[in-house]
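Encoded as structure tokens, the structure appears first; notes follow it.
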Amino acid sequence: MVKVSDGQCGLCTHFGEAEKAPQLVEILSTRQASEELVSDCGHPKLANLHLRVTPVSGCDGFVLAA
Ligand code: SF4
């Protein structure tokens, strides 16, 4: 497991946005994620690129998930 900090994809509302996978809720509560997890970024400016990111990736489009 890796630690996920503010500003990183694992805590972003756009991380795995289309999938709404249960593990995303777990990342928010534990602030930890599997090193092997990769998911789509759903940011409107990036969605057409089908960008795949890890929980510890990041960009300036970060929005803290509710
Ligand atoms: S790449 Fe940016 S917008 Fe996409 S999930 Fe990561 S922080 Fe959020």
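Note on the stretch 1-47: among residues that are assigned to a loop (DSSP other than H, G, I, E, B) and among the hydrophobic types (A, V, I, L, M, F, W, C), the one that is nearest to the ligand (Cβ to nearest atom) is LEU46. Within the stretch 1-35, the residues that satisfy the criterion of being among the acidic types (Asp, Glu), exposed (fewer than 13 other Cβ atoms within 10 Å of the Cβ) and modelled with pLDDT under 95 are GLU19, GLU35.
The values are calculated or read from the model by the stated rules, or taken from the named source; none is laboratory data. Because the structure is predicted, anything quoted here is derived from the model rather than measured. Cβ sites come from the backbone with ideal geometry, for glycine too, and all protein chains shown count toward neighbours.
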